[in-house]
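Let me give you the structure first, and then I'll get to my questions.
The values are calculated or read from the model by the stated rules, or taken from the named source; none is laboratory data. Please read all numbers here as calculations on a predicted model, not as lab measurements. Here the Cβ is made from the backbone with ideal geometry for all residues, glycine too, and neighbour counts use every protein chain on show. The area values use the complete protein model at the heavy-atom level, side chains included, leaving out ligands, DNA and RNA. Shrake-Rupley method; radii C 1.70, N 1.55, O 1.52, S 1.80 Å.
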Amino acid sequence: MTPPLGGSTCSTKGLGSTMGLRFQWIRKTADVHELARTAADEVLRLSHEAIAERGVFRIALAGGSTPRTLHEVLAASTMARFDKWHFYWGDERYVPPAHRDSNFLMAQQTLLGRIHVSEHQVHRMRTEAGNPSVVAAEYEHELRYSFGVRRDERPRFDCVLLGMGDDGHTASLFPGSPVLDEEDALVAAPWVDAVQAYRITLTLPALNAARAVIFTVSGVSKAEALRDVLDERGPARDRPARLVCPLDGTVLWVVDREACGEDVGPADAGC
Ligand code: 6PG
């Protein structure tokens with residue numbers, strides 16, 4: 001199962017009022033290590049472009065485990081001008097920042113704690129601020145304030161990193177969630193049955209305002225959902241990653257061979 005390599009488009013036609021063509025590229029890599037290097041190269045390229053044009057690079061980090069290796073590659077980079085980076089999150093678990101499940105803690109351990117950044121460059125979702133709705137509202141304010149946008153404008157991330165679950169969820173936008181219909185708020189705090197917990201997440205309006213989105217998808221368990229997304233098979237709401245379709249931006253899928261459904265046997269292990 002080989003996804004279309006190179007540029008392609010897909011659309012969000014028929015999905016509410018958001019119409020747009022997503023210009024997407026797919027880069028297939030041998031394994032999660034090559035995936036991390038490939039994604040890191042693209043993040044660095046975007047950072048240089050943003051800093052040259054606007055003097056700052058605003059990136060939303062992904063949660064889960066796939067980004068760990070990518071973070072470590074970025075932290076080891078001698079090319080990154082981290083003093084111009086501002087770090088945000090695409091979603092967060094509703095746990096304290098020191099909790100083992102915290103996406104902030106994972107980023108702290110694999111990236112932020114290994115580079116020189118000041119606290120004003122790190123914009124985490126402050127889950128200790130109150131109930132989930134309070135946390136979401138506070139983060140929306142933080143986004144608008146730190147990006148310097150008016151109430152009727154949407155902040156445009158220079159790069160949004162996203163993962164994808166086996167069910168096609170991304171950030172904390174899960175299949176069939178009412179949050180998929182959100183057209184105004186930038187941040188939401190849905191109860192997620194799949195994990196029996198509250199999550200704090202950027203919404204599709206926030207994600208689809210991005211200049212560039214990079215999905216990193218690794219592992220055979222993602223193969224069916226990835227195929228559904230790339231082929232636009234079935235209802236889009238069943239695979240929310242498909243709804244990430246920046247109206248004026250690009251999407252890069254960095255995937256490994258297992259996620260493409262290729263049998264990577266022992267003979268191929270070194271490929
Ligand atoms: C989270 C993530 C979530 C993640 C996918 C993939 O908070 O868990 O934001 O959307 O990106 O579930 O997770 P893995 O990288 O661990 O497969």
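Gap in Å between the Cα centre of region 105-159 and the Cα centre of region 33-50?
Distance between centres, Cα-based: 21 Å.
Let me have the relative contact order for region 59-143, percent, based on Cα pairs under 8 Å that are six or more residues apart.
Reported as a whole number, the value is 31 percent.
Which residues among region 41-80 fall inside the zone where the amide N is under 16 Å from a point 7 Å beyond the Cα of SER118, along Cα→Cβ?
56-57
What percentage of the solvent-accessible surface of the chain, computed with a 1.4 Å probe over protein heavy atoms, is contributed by carbon and sulfur atoms?
Summing carbon and sulfur atoms, their accessible area is 51 percent of the total for the chain.
Can you give the accessible area of ASP31 in Å² (nearest 10), computed on protein heavy atoms with a 1.4 Å probe?
Ignoring ligands and nucleic acids, ASP31 comes out at about 50 Å².
Using θ = phi - 60° and the Karplus form 6.51 cos²θ - 1.76 cosθ + 1.60, what ³J(HN,Hα) does each residue of region 181-197 get, whole Hz, x for Gly and Pro?
Listing the rounded values in order: 8, 5, 10, 10, 4, 8, 9, 9, 10, x, 7, 10, 4, 4, 10, 6, 7 Hz.
Please list the radius of gyration and Dmax for region 202-248, considering alpha-carbon atoms only, with Å as the unit.
That works out to 11.3, 31 Å for Rg and Dmax.
Where Lys and Arg each count +1 and Asp and Glu each count -1, what net charge lies around HIS99 among other residues with Cβ under 14 Å from its Cβ?
In short, +2.
For THR127, THR69, what's the largest-to-smallest order of accessible area, 1.4 Å probe?
Of THR127, THR69, the descending order of accessible area is THR69, THR127.
Less than 14 Å Cβ to Cβ from ALA76, Lys/Arg counted +1 and Asp/Glu -1: what total charge do the surrounding residues give?
Neighbourhood net charge equals +1.
What is the set of long-range amide H partners of VAL192 at a cut-off below 5 Å, with H atoms built 1.01 Å from backbone N?
ALA197, TYR198, ARG199
When N is the residue count of the chain, what does its C-alpha Rg come to as a fraction of 2.2 N^0.38 Å?
So the chain has a normalised radius of gyration of 0.94.
Can you check what the net charge comes to around ALA50, using other residues whose Cβ is under 11 Å from the Cβ of ALA50 (Lys, Arg +1; Asp, Glu -1)?
+4
Follow-up question, since we're still on this one. Evaluate the relative contact order of the chain (contact order divided by residue number), counting alpha-carbon pairs under 8 angstrom at least 6 apart; express in whole percent.
Once normalised by length, the contact order is 24 percent.
So, taking all protein chains as they sit and a 1.4 Å probe, how much accessible area belongs to VAL117, in Å² rounded to tens?
Taking all protein chains as shown, VAL117 has close to 40 Å².
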